[in-house]
Amino acid sequence: MDTKLMNEYNRWLEMATADEDLVPELQAMADNEAEIEDAFYRELEFGTAGLRGVIGAGTNRMNVYVVAKATQGVANYICQRFAPEARRVAISYDSRIKSDLFSKVAAGVLAANGIKVFIYPELMPVPCESYATRRLQCAVGIMITASHNPSKYNGYKVYGADGCQITSEAANAVLAEIEKLDIFADVKSISFEEGLAQGQIEYISEDIFTEFVEKVKAESVLGKEAIDRNVAIVYTPLHGAGLKPVTRVLKETGFTNITIVKEQEEPDGNFTTCPYPNPEIHEAMEVGIEYAKKYDADLLLATDPDSDRVGIAVKNAQGEHVLLTGNQVGVLLLDYICALRTINGTMPQDPVMIKTIVTTDMAQQVADHYGVRTINVLTGFKYIGEQIAALEAQGKESSYLMGYEESYGYLTGTYVRDKDAVDASFMICEMFAYYKTRGISLLEKLEELYKTYGYCLNTLYSYEFAGAAGFSKMKDLMEFFRRGLPEIGGKKVVEFLDYSKGVDGLPKADVLKFVLEDNCSVIVRPSGTEPKLKTYLTVSAANKELAQELEQKIDVALKKYIK
């Protein structure tokens with residue numbers, strides 16, 4: 001084994017004693033070189049999405065030392081660029097294992113560096129973090145979460161003063177500071193309790209949370225249109241942070257017929273009833289669907305652990321509960337907002353909708369129908385947040401109608417700059433009630449949109465490449481695809497876009513797009529937060545059956561290359 005790597009392991013054995021869970025884990029590695037290599041072969045990568053990794057001992061893991069070192073880098077960045085009175089940070093955390101510990105460690109490091117810390121006294125979701133960062137005029141926000149990853153993961157997101165995830169420039173500047181530090185010798189820290197006693201750490205008041213709730217409620221587009229709010233709703237926070245904000249907003253807006261999934265109501269970092277707590281995955285929705293059947297609910301809502309994504313299920317004509325995709329919900333919401341704003345005369349001048357390049361092109365068709373301008377951005381909601389900021393800088397903030405990505409992330413307002421499942425849950429319930437009051441189901445409305453714009457099928461496949469060998473394999477695959485393909489699944493490639501070279505003025509990114517004939521396309525990219533390669537397939541056809549048949553051919557062709 002590499003001597004440098006082994007020396008680092010031995011150093012951790014000697015010095016990593018602050019978290020009692022790490023000591024036996026390090027000791028157990030002693031006779032397993034492969035395990036040592038996987039834990040220490042690199043430092044956990046810091047980027048625009050912050051940190052994300054498996055919880056455990058080592059430089060390639062999420063633990064108190066990695067969190068403290070990253071926070072010292074953030075602190076150095078703040079102290080170099082902000083005046084003393086502007087050195088303020090807001091912190092939030094979700095239900096994941098060690099999230100509360102990591103948030104307190106980060107607070108202690110910041111406080112030791114003379115930075116004022118505001119922290120929620122209980123777990124709160126991503127949108128509440130984004131709101132507090134903006135509202136409390138902080139230089140930076142920190143959210144401890146691994147979003148929808150399995151329970152073995154945790155993460156560390158960093159937000160800019162605008163409440164948006166940091167830019168590539170800021171991430172590189174923070175990374176440069178992190179790389180200067182020794183993980184044990186160069187980190188300043190005091191205990192969380194000491195920071196509170198000194199007044200350097202302060203809890204965020206309930207008033208700030210109430211302000212956030214009021215901002216969400218103000219997103220209604222109903223105007224004078226009447227709706228029956230007594231729709232039967234089943235809601236599950238999937239053991240995460242959404243329970244308090246989602247139920248409060250819904251109840252205060254008249255949606256009181258809510259049944260909570262008891263098995264998933266309480267915070268649980270082990271996600272006992274849904275090992276992969278992602279509303280995109282059917283297994284995560286199974287308990288909720290059983291509740292929806294039992295209570296004959298009209299609508300099932302499920303938010304992920306940090307409550308920035310929401311998935312739904314609705315009843316079909318046979319009384320079965322059908323899951324809708326993120327693309328389908330996004331198109332429905334966009335059409336609803338545009339239609340109601342048109343009816344109520346509240347459509348702004350030069351209205352704008354923002355979506356990611358992997359989100360369905362059908363959204364642009366809907367936007368075009370209502371005279372709404374579409375802005376396409378790279379994958380990641382931070383790019384949507386940046387476009388909102390650009391509109392604000394031009395004095396056109398009111399032009400923004402909605403931003404969304406296919407992975408179940410939506411935002412209809414500008415009060416935060418990240419996707420917001422609290423807002424999305426409220427808007428979905430309002431939309432659902434509006435159509436139900438008029439005798440229309442969401443599935444019927446979706447079919448109406450397909451008849452208007454044509455059937456569009458969008459699918460996502462993820463391939464996991466764990467460890468050092470997997471990381472190398474994933475890089476090789478991207479290089480293979482980067483050399484181009486003449487056809488995929490019998491469809492000729494008519495255009496090839498390599499976003500690493502810059503496309504349409506967008507930032508450079510490791511994303512490849514194959515534009516196929518007949519309005520089909522394939523996008524390939526590595527995940528920014530997980531050891532996975534993702535493929536996004538878009539297929540257009542005359543009907544659902546033909547689209548599914550064609551999608552299978554394209555998917556089979558891609559799998560041959562990947563596997």
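Under a 5 Å amide H cut-off, with hydrogens placed 1.01 Å from N, residue 219 pairs with nothing among residues at least 5 apart or on other chains. Summarised as an ellipsoid, region 144-260 has semi-axes of 38, 18, 17 Å, derived from the eigenvalues of the Cα gyration tensor scaled by 5 and square-rooted, with the largest first.
For the chain, with all protein chains in place and a probe radius of 1.4 Å, 48% of the accessible heavy-atom surface sits on carbon or sulfur. Rounded to the nearest 500, the 222 nm mean residue ellipticity of the chain from helices alone is -13000 deg cm²/dmol, with -39,500 (n - 2.57) taken per DSSP H run of at least 4 residues. Taking only the Cα atoms of the chain, the ratio Rg/Rh comes out at 0.96, with Rh defined as the Kirkwood radius.
Only Cα sites of region 1-158 enter the Debye sum here, all with the same form factor; the resulting log10 I(q)/I(0) across q = 0.09, 0.11 1/Å is -0.30, -0.45, listed in q order. Is the shape of region 195-265 best called rounded, prolate or oblate, per the rule: a/c under 1.5 gives rounded, else a/b larger than b/c gives prolate, else oblate, with a ≥ b ≥ c the square roots of the Cα gyration tensor eigenvalues? Oblate. Accessible surface area normalised per residue over the chain is 39 Å², counting heavy atoms of protein chains with a 1.4 Å rolling probe.
The trypsin sites (Lys or Arg not before Pro) of region 411-449 that DSSP puts in a loop, and whose beta carbon has at most 14 other beta carbons within 10 Å, are 438. Proximity of backbone amide H atoms, modeled 1.01 Å from N, is registered between residue 375 and 353, 354, 355 at under 5 Å, excluding neighbours fewer than 5 places apart on the same chain. The amide H of residue 42, built 1.01 Å from its N in the peptide plane, has 60 as neighbours under 5 Å, considering only residues 5 or more places off or on other chains.
Just to be sure I understand the curve: with the Debye formula and one point per C-alpha of region 406-474, what is log10 I(q)/I(0) at q = 0.14 Å⁻¹? The Cα Debye sum returns log10 ratios of -0.72.
Shown here for region 1-52: trypsin sites (Lys or Arg not before Pro) in loop regions (DSSP other than H, G, I, E, B) with at most 15 other Cβ atoms within 10 Å, namely 42. Residue 76 sits among other residues whose Cβ lies under 15 Å from its own Cβ, and their net charge, with Lys and Arg +1 and Asp and Glu -1, is +1.
The values are calculated or read from the model by the stated rules, or taken from the named source; none is laboratory data. These numbers come from a predicted model, not from an experiment. Methodologically, a virtual Cβ is constructed for each residue, glycine included, from the backbone with ideal geometry; neighbour enumeration extends over all protein chains shown. When the accessible area is computed, the model is the full protein with side chains, heavy atoms only, and any ligands, DNA or RNA have been set aside. Shrake-Rupley method; radii C 1.70, N 1.55, O 1.52, S 1.80 Å.
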